[in-house]
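Comments concern the structure below.
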Amino acid sequence: MAAAARVRPKDYFTPEEWAPLSRRSSWKGPALVAHAWAVILAAALMAVVWPITIPLAVMIIGARQLGLAILMHDAAHGALHPNLKVNDWVGNHLTTGDLMAYRPYHLGHHKYAQQAEDPDLVLSAPFPITRTSLRRKIVRDLTGQTYYKLKWSGLVDRIRNRRPDEPLWPILKDAVVRRKRFFLGMLITVALTAPLGAWWVWPVLWLLPQATWLPMVTRLRNIAEHALVAKDEPDPLRHARTTRANWLERALLAPYWVNYHCEHHMFMHVPCYNLPKVRHHLQRKGVTERMLSAPGYVHVLKLASGKPERVAVAA
């Protein structure tokens, strides 16, 4: 079981250059978490005051839900705070993911990036696909089908397929325990908003973005990062793709510098807010010409959906 090839910081940076790039700030990571929640609250308030903006709010909130997952991902690398206990507490309690379950899985992805043992290889393996297939996937995302399949279909199947003499309550209790963050967030939000006549805030301005926009932007981000990267790729500068993102894409698709994914795979412990600086240094040294990069998300999606329709197998 061969691990993916890695790069060493000293191959590209002097100690004086590397020290500030790898340094973890004691305030920037938590500030980004606070920023994500502030944007979510601001978008929700906008939608409550001006209901016509609900579609825009759903997109903004869904992107920040992804942003919280990205910051949890930084915590998985110990990059959210220099104190590991603080790093883990913030990553596990103030984002939307289960850091302790995610960390070993994700570090396995880095260890075997694009190799046969990569647990995320299934996400990049099917590409290229046809445009029709990509449209079907996006429709499934935006209609909640992907969310249901990933989050709830297993529970529904478990209930349907239980033995006739098996009681329902233990299954439901286990489901609630496993999804305690989901239900606790629902109860708190409804308790705070219902007395104000805004009981609909949680289902419309949290669950709806989580079930629609979040799955879609997560899919598009995954495509940009690893689609069309060769299996067993030997070059560590081409295990992942960096995609240029404009201001709109950063707001609605690629928050918190997640688009600098090649740099992240090269130097996985660098905090996300330092990745643009890493890119700048590498560009100045002529290294970026060898790295896997794309001029934009539209460009990557065109490549990833470039399989001719006539030879396609329905996905």
Tally of residues being part of a loop (DSSP other than H, G, I, E, B) and closer than 16 Å to ARG221 by Cβ across region 114-125:
1
Near pairs, Cβ below 9 angstrom, 6+ apart or cross-chain, from region 156-167 (surrounded by 10 or more Cβ atoms within 10 Å (Cβ to Cβ)) to any residue that is in a loop (DSSP other than H, G, I, E, B):
ILE159/LEU168; ARG162/LEU168
Subset of region 264-315 (residues that are of a type outside the set (A, V, I, L, M), over 18 Å from GLU249 (Cβ atoms), assigned to a loop (DSSP other than H, G, I, E, B) and under 21 Å from the mean Cα position of the chain (by Cα)):
PHE267, HIS269, PRO271
Taking PRO30, is it loosely packed, with under 15 Cβ neighbours inside 10 Å and either out of contact with any strand residue (DSSP E or B) (no Cβ under 6 Å at 6 or more places or on another chain) or under 18 Å from LEU107 (Cβ atoms) (or both)?
no
Which count do you get for residues in region 148-170 that are over 28 Å from PRO209 (Cβ atoms) and either touching a helix residue (DSSP H, G or I) at 6+ places or on another chain (Cβ under 6 Å) or assigned to a loop (DSSP other than H, G, I, E, B) (or both)?
8
Residue that is surrounded by the fewest Cβ atoms within 10 Å (Cβ to Cβ), among those in region 231-263 that are part of a helix (DSSP H, G or I) and without any contact (Cβ under 8 Å) to a residue 60 or more places away in the chain
TRP247
Determine if region 294-315 includes at least one residue that is free of Cβ contacts under 8 Å to residues at least 12 places away in the same chain, surrounded by 15 or more Cβ atoms within 10 Å (Cβ to Cβ) and either of a type in the set (A, V, I, L, M) or assigned by TED's automatic domain parsing to the domain that holds ALA31 (or both).
no
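The values are calculated or read from the model by the stated rules, or taken from the named source; none is laboratory data. Everything quoted here is computed from the prediction, not taken from an experiment. All Cβ positions, even for glycine, are placed from backbone atoms using ideal geometry, and neighbour counts span all protein chains on display.
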